[in-house]
Structure formats: C-alpha cells, structure tokens
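Accompanying notes for the structure given below.
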Amino acid sequence: MTFLHILWFKNIMFWKVSTKRDVGMVIRNLGSFIVFGSFAIGAFYFSNFITAYLLENVRIGLFLFHRFIGMLLFVFFITINLGNMVVSFSTLYRTPEVDFLLTSPVSYLNIFVIKFLDNFFYSSGTLFMVGFSLLLGYGFYFNLPWHFYILMMFGVLIPFMFLAACIAVIVLLLLMKLASVVNFRLLVGGIVLFYIAQIYFYFQVSSPVNMVREVMKYYPYVDLYFGTLDPTAVKVLPNFWVSEIMYFYVTKNFTAVTGYTSLLVLSTLGLFIFTLAIADGIFYSTWITSLSIKSLTVKSLQLKNSIFSFGRPSFFSPQVEVMLKKEFWQFIREPSQWIHFAVMMALLLIFLSSVSTLNIKLQTPELKAVVYLVVFIFNIFLINSLALRFGFPMMSLEGSAFWTIRSTPITAAKVYWIKFAIVVIFLVALSIIISWLSNIPYLYMQKVTGEQPWIYSFIEPSDTVKILSYFSMIVTPLITITLVSLNFGLGSVYSNFIEKNPIRIASSQGATMTFLLSVVYLVFLLALYYFPATMLFTAEMKDLQPDWHMLRIVFFAICIPSAAIIAISHVVGLHSLKRDY
Amino acid sequence: MIELTNLTKAFGSFVAVNDVSLSIPSGEFFGFLGPNGAGKTTTIKMMTGLFTPTSGRIVINGFDVEKQPQEAKATFGYIPDHPYLYDKLTGREFIYYMGGLYRMEKNDLKENVDRVIDLLELASWIDKKTEDYSQGMRQRVTFASAFVHKPKTIIIDEPMVGLDPRSARIVKDSLKKQAHEGASIFMSTHILEMAEELCDRIGIINKSKIIFLDTRENLHLHKTKYDGNLESVFLELTKEENE
C-alpha cells in the first residue's frame, strides 16, 4: 500500500509538471513532439535502408546480419548497464528524496524499488522509442506481421533492458557493500577494468573478422544458419538470445523463437527477484556506507598547493581564473562526474586501440567505404556522447548558486564562453587524436615482407586515400565544434538549476531532444560522406583521378549547416541566460 | 547610495512590485519590512540583477543597474535569503571565488579573505566542503563573501534565517561595523526587533506597494498610537482588509 501511495503521488507530480500551462511550455512541448516524431520516422527509414543495403547491396546474408545486430546489442547492453549503474549511484545514495523517505515508516525495500523503477523508466523512455522505430524499419523490410512488434517490445526489448538494469544495480549494491572494507576508488578502478576486460574478451572471442571470413566461404548460401561458428561463451549472453530471436523470426522457426524468448523473460524475472532479495538484505547498510564514502572523498581530494588552489597566483584574469578553478573542483570532487568520465575514456581507449590496428583487406570500394564510414560516424558519435554528457549539463551545474553569477560584476555571457571553452578545447583536441588514430590503418598500411609474418614494411598509401584521411581530420574538429555548440547552447536553454545530478540533467527531456537533433545532423553527415568515400576508394582501386569538385561541394555542404548550427545554438543559449533567475 | 524610481515588476497579470520609489543615502542602514509575499524579495532581486524590472529605474552608487550592470554590481555585496553555495567548494574557496568575480588582485584578496574569516569567526570549519555545513554556517560564509571586496552598499534578504544566537550576534556586529565604516545597507527582514535595533530608517511594503516609510525616531511616535510595540504598528499597517 505504501508503495502504491508513493507511486501515486510521484505520478501526480509528473503530470503536474508535464501539463504546466504557459506559452513557453507549450512551445517547448510542441518542439519536442516535432523533434521526437521526426526522429522516430528518421530511425525507421534509416533501419529499413541499412537492412536493405547490407542484405541486397553488400550481400552479407541473414546470419552475418543478425550476428552484427547481436554485437551492436552487446554494446547497447553494456551501455545501459553502465548508465544505470552510475545513475543508480546518484539516485539511490545521493538524493534528498531517499534521505527523506528513510525518515518515514517506509520499508527499505520499497524505497529501493521506487528509486530503481524511477531510474529505469526515467532514463529508458527515449531508448524504447528509438528501439521501436528501428524495429519497425527492420520489420517492414521483412514484411513481418503485427505480433512481431508486440513480442519484440514487451517480450524482448523491455526484458533485455530491464535485465541490464538489474545486473547494474546488483553490481552497485555489492560494490557499496565492499566499500565498507575496501577503498572505494580502488573498487571503482576494479570495476572499470572488469568492464574493459569484458568488452575486450567479447570481441576477441566473437571476432567479427573471423566470422565474416568463415561465413563467406559458403557464399552465396550466406542466409543459412551457421550456429556452429558461434563460440560457446557468447551463447549465454542476452544479446545473443535477442539476435537469435530476430533471426529465427525472419526464418520462421517459431519453436526457437519461443525458446529464446522464454529464456530471456525468465532470466529477467529471476534476476529481478534476486535483485530484490539482495536489496532487502543490504540496501540500508550500503546507504550508511555511502555516507562514509562522502567523507573519504573530502579528505583525499584537497590538493592544497596545486595550480588549481584558489590561493595560488595565475596568469588568467581574476574572473577567468576563479571560474576555471571552480569548474575543476566541481568536476573532480563529484564522483558521478569523474567516474563516468573515466569509464567513457576507457571505452574510447579500447575502441581506438582496436580501430588503429584494423587490417583493411576488403575488395570492393563500397565495402571499404562502409567500413570507413562506420568508424568515422562512431568517432563522431563518441564525441557527441561526451558533449551531451559533460557539455549539456554545464550551465545547469551552476545550480542554486547561480545567484553568484547574476549578482556580481561578471557577465553571464563571459561565464557561458569560459564553460564552453573548457568543453570545446578538450573535445576538439580529443577529436583530432581520434581522427588521426582511426586513419592509421589507411595512412600506414602494412604488409608482410619476408617469410616471417611478424616482419612488416609500410606501403605508401595512394594519394586518394591520403586525401580522404586528411579530409576527415579537417572536418572532424569542425563537426566537434558544431556538436559541442549544439549541446552547450541547448543545455543553457533547458538549464535546470534545481537538479543536482549531472546524469539526470544529461538524460532530461531537453537533453534527449538535443541528442535527437545531433543524430539528425550525424545522419546528414553520413549521407554526405558516403559519396566522397565511395568515389575516393573507387579512384584508389581503379587508379582514377579523384573528383575534386565533389569534394569541394561536400566540404561546403558540411561547413554551411554546421556554421548555422553553431551560430543558432549560441544565440539561443546566450539569450536564455537573460531570463529572470 | 540606492535610488529606486517607479519600480514595477509584473509576472503575467500578477504585479509583485508596484511603482516603488525609494532613496537610501550613503551610510544609511535601511530596514525593509513586509509580510510574506509582499514584494520584498522581488524588489531585492531586481536591485541585484536577478530579475529584470518591468518598468522603473534602479541606480546604485551612481550606476544604473540595467544600463551599467557590471559597474553597479562591483559596488555592492548581496546576501540572498537562501545561502546556496557551491557544494563541492570549501568555504574559503567560495570566498576566494567571489573575490575573483569582483576582480580582486590576489594579494589584496588573500588579506581580505583572512579579514572576513576573522570578522565572522569562521576559522574552525572554513576548510571543509560547504555541502557539510549547517544553514547558519552557510549564511555566515555568504556574509563573508559579500564583505570581501569592501562594498559601498550591502543588500541583504532575511539575514537571520537559520542562525543560532551566537551567529546572529556575530552577524549583527559585522553589519554594524560595515555601517559604521560608511557602507549603506538595505536589509529585508521579518525580525522587527532587529530592524528597530539596527536600522536608521524603515520602509514597509504590503501588497506590492510601499505603505510606510520613516525614520526610527519617528517610528516611536507611531508606536505610541498603539501599545508602544513595533509589532502592533506592523500588524495594523499590514492587516488584511477583511480582518
């Protein structure tokens, strides 16, 4: 009863906020509706096009296609898992609501379940929408009946995501339990390494290159089922079950569909019960432990005589100096900031280490272009994720102390530009490094020269490949500035000075809308980039002259809308700071 | 010196502050009283740049707050009703931060940080993060950060919220010291005794309009009309029409 009582009032609060009647809110809701709607339609067409392209143009076959879906689902699963873990840390251990509920006669388990569900549904709404749109695009290609979508949404997608959330919260609870005896930062380091190792071993075991090589031996019979090629370790993973459900649905093996769906649903249910049992036993004691973690962080992160110490002189003007130092301390002393940052950097490192050693041996220019574009867009996507996670909440993180900015002789615009500079300088530098590393396989191609396979020599790449690589390295920083501007500007427009949790700010409605807008921009880039990439790889393979005119058009087609996005984002972002506080 | 001329603030159809005009000369301690929702905080938020007035003009120490906001803000210190600080900074770091926003040079700032820490007796806990502070500790740090650049004018919204008797005494003494040194002080408060004790002049705002404005001496004349108590004057002036 208490549980339902609390849920009821949370529901009332949600609807009161969502249906607030003022002009600004109506315009924002209308804007959100248009963006969300357009994105859903875009995701549908994108999924439909990619399915058709890979199966009809590239002809990878049904088996490989679903194995690639499985690999993407693995990354998706880990992302949801880590995201839920970081958000759960904040919502379960760092919110005034939990502090308040603990003083009331509500059981610890009820408090846990309320916050866990709140957490899951708050951060998963957009993912459901995106997932459903992608499924529609996929289903339309195969002409699948209506019950496919019902099954996939309620029997597959929701349990799959819920399973990831359950695992996340179990790991978190155990981590917090251990934190009473082991140094917390050591534990965080351990868990980061554990996840890195997981991803590394997954891609080692289920090597996509080997899989393609093995399946392609049977070309053109690539639609057949090659289950014997799947490593046993991979078969126990939920992403594998989902890809199997999709493959067998398309090939009309409903017995297998039922088997894998039951496995997924029952595993999720079992794990949820297990989560409740663990939470019932240790949630309160881990909450008590979290209080001592707070004081541990205070003592160890003072760095009194560092260059970031407020008492130390600096060559910046006083206003710039104190702003930079404040930003540094706010970041370094907030666990949800630096932990998330460390995790994202670690994932980036893994990705780059594998991409920079990629051995490109593809025979058609289309396939080469696809591989190149996948890596290129993934780089941009990573940059965008960092911009959204760390750039979007920056103005909101001024929080209730924003009065200090508005009532002192510093302009809000100056604060805006200082904060923007911090994010943009870091991300532009990172984008240059990422872009260079991911072009290494194209710029520094190797071949075995002697009898011994470990002795390599470098092949001078063709001019056309060099052009594409340098083109990407010039364009990537520009795209980074655009994405940071978009995230930062709209982060100011949707600033929320009440919410203290940066992760919740970065997954708010405004942030989701910003993310969708940036995805539209990414799709636009992808569409533009396809032409020069294919043209340059064709020129390389057939020894033709590159089409300079097309390159120039593409360059300007990227520059002009990017400049417009940068300008509009900053104009609306700066204008929003003039609002009454 | 503070000059408010025909100051009005409306939120849609609701007028929070209606045609308020006030002049507070240098060195005066001005008490701004009024019931909840009368328009005190809105007036102060307009003076400090947190709200934009719908109409009217605010001049602080010769600078128009709307036209020369940076110059005006450089001359005053503000203490809000809710002392929100940056949780992850220590009290000392917060005072340094505020000094930097007022463009103070490092050596001057260091001296003044030490001065305000002594003035408000903060030394024993000033190097802890502010998220661990009580309401009173936060309030005293806010006072220190407002005094650090030696402002000509101090604007305070409800200074005594959450202060224990000792802290309240420290704050009152520090305010008296600032006034004695020539700062003009604009203070909104609900504590009538405090206004009576500290202020040279008192203004009362009710339902968005100034309904009383006089010196402390003349206030005594008003008090004799009632039972000699400021509280009775206040209640009579601000009573609801249907009471």
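Here are the numbers for the structure shown:
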{"quantity": "From A:PHE39, A:PHE14, residue being under 30 Å from B:SER13 (Cβ atoms) and modelled with pLDDT under 80", "calculated": "A:PHE14"}
{"quantity": "Among the residues listed as A:PHE89, A:PHE68, the single one being more than 30 Å from A:ILE6 (Cα to Cα), in a helix (DSSP H, G or I) and of a type outside the set (D, E, K, R)", "calculated": "A:PHE68"}
{"quantity": "Selected residue [aliphatic (A, V, I, L, M) and within 10 Å of another protein chain (Cβ to nearest Cβ)] from A:ALA412, A:ALA346, A:ALA342, A:ALA369", "calculated": "A:ALA412"}
{"quantity": "In the stretch A:382-409, residue farthest from the other protein chains (Cβ to nearest Cβ) [restricted to those that are in contact with a Ser or Thr (Cβ under 9 Å, 6 or more places away or on another chain) and among the aromatic types (Phe, Trp, Tyr)]", "calculated": "A:PHE392"}
{"quantity": "A:ILE167 buried (at least 16 other Cβ atoms within 10 Å of the Cβ) and more than 19 Å from A:LEU291 (Cβ to Cβ)", "calculated": "yes"}
{"quantity": "Evaluation of A:VAL374 against (1) in contact with a Gly (Cβ under 9 Å, 6 or more places away or on another chain); (2) modelled with pLDDT under 85 (one fails), failing number", "calculated": "(1)"}
{"quantity": "Segments classed as helices (runs of 4 or more DSSP H), wholly inside the stretch A:496-581, with at least 1 members that are open to solvent by 50 Å² or more (accessible area, probe 1.4 Å)", "calculated": "A:509-542, A:548-576"}
{"quantity": "Helices (runs of 4 or more DSSP H) within the stretch A:151-241 that include 2 or more residues closer than 30 Å to A:LEU269 by Cβ", "calculated": "A:158-178, A:184-205"}
{"quantity": "Unmet criterion (only one of (1) touching a Gly at 6+ places or on another chain (Cβ under 9 Å); (2) open to solvent by less than 10 Å² (accessible area, probe 1.4 Å); (3) of a type outside the set (Phe, Trp, Tyr); (4) assigned to a helix (DSSP H, G or I)) for B:ILE154", "calculated": "(4)"}
{"quantity": "From B:LYS172, B:LYS223, residue being touching a residue at least 12 places away in the same chain (Cβ under 8 Å), open to solvent by less than 60 Å² (accessible area, probe 1.4 Å) and over 24 Å from B:THR42 (Cβ atoms)", "calculated": "B:LYS172"}
{"quantity": "Answer residue from the stretch A:382-417, given it is over 17 Å from A:TYR581 (Cβ atoms) and open to solvent by 20 Å² or more (accessible area, probe 1.4 Å) and is farthest from the chain's Cα centre (by Cα) among those", "calculated": "A:TRP417"}
{"quantity": "Hey, B:ARG140 more than 13 Å from chain A (Cβ to nearest Cβ), of a type outside the set (Val, Ile, Thr) and surrounded by fewer than 17 Cβ atoms within 10 Å (Cβ to Cβ) or not", "calculated": "no"}
{"quantity": "Counted residues, the stretch A:103-117 - those being touching a residue at least 60 places away in the same chain (Cβ under 8 Å), open to solvent by 30 Å² or more (accessible area, probe 1.4 Å) and within 33 Å of the chain's Cα centre (by Cα)", "calculated": "3"}
{"quantity": "The stretch B:82-94, subset within 16 Å of the chain's Cα centre (by Cα) and open to solvent by 30 Å² or more (accessible area, probe 1.4 Å), residue nearest to the other protein chains (Cβ to nearest Cβ)", "calculated": "B:TYR84"}
{"quantity": "Residue that is open to solvent by 10 Å² or more (accessible area, probe 1.4 Å), under 15 Å from A:SER243 (Cβ atoms) and assigned by TED's automatic domain parsing to the domain that holds A:PRO159, where the choices are A:PHE100, A:PHE68, A:PHE121", "calculated": "A:PHE68"}
{"quantity": "Every pair of residues 6+ apart whose Cβ atoms lie under 7 Å, when the first sits in the stretch B:65-81 and is within 7 Å of another protein chain (Cβ to nearest Cβ) while the second is open to solvent by 40 Å² or more (accessible area, probe 1.4 Å)", "calculated": "B:GLN70/A:THR411"}
{"quantity": "Which listed residue is more than 18 Å from B:VAL148 (Cα to Cα), within 14 Å of chain A (Cβ to nearest Cβ) and buried (at least 22 other Cβ atoms within 10 Å of the Cβ), from B:THR54, B:THR43", "calculated": "B:THR43"}
{"quantity": "Unmet requirement for A:PHE316, which otherwise passes all of (1) open to solvent by 10 Å² or more (accessible area, probe 1.4 Å); (2) more than 10 Å from chain B (Cβ to nearest Cβ); (3) not in a helix (DSSP H, G or I)", "calculated": "(2)"}
{"quantity": "Which numbered condition B:MET98 misses (of (1) within 16 Å of A:ARG406 (Cβ to Cβ); (2) more than 7 Å from chain A (Cβ to nearest Cβ); (3) in a helix (DSSP H, G or I))", "calculated": "(2)"}
{"quantity": "Residue within the stretch A:136-157 that is open to solvent by 50 Å² or more (accessible area, probe 1.4 Å), more than 20 Å from the chain's Cα centre (by Cα) and among the β-branched types (Val, Ile, Thr) present", "calculated": "yes"}
{"quantity": "Scope the stretch B:114-144; condition part of a helix (DSSP H, G or I) and among the hydrophobic types (A, V, I, L, M, F, W, C); matching residues", "calculated": "B:VAL116, B:ILE117, B:LEU119, B:MET137, B:VAL141, B:PHE143, B:ALA144"}
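The values are calculated or read from the model by the stated rules, or taken from the named source; none is laboratory data. Keep in mind the model is a prediction, meaning the values are calculated, not measured. Reconstructed Cβ throughout: ideal geometry from the backbone, glycine too, with neighbour counts over all protein chains shown. Quick note on the areas: whole protein, heavy atoms, side chains included, nothing else; ligands and nucleic acids left out. Shrake-Rupley method; radii C 1.70, N 1.55, O 1.52, S 1.80 Å.
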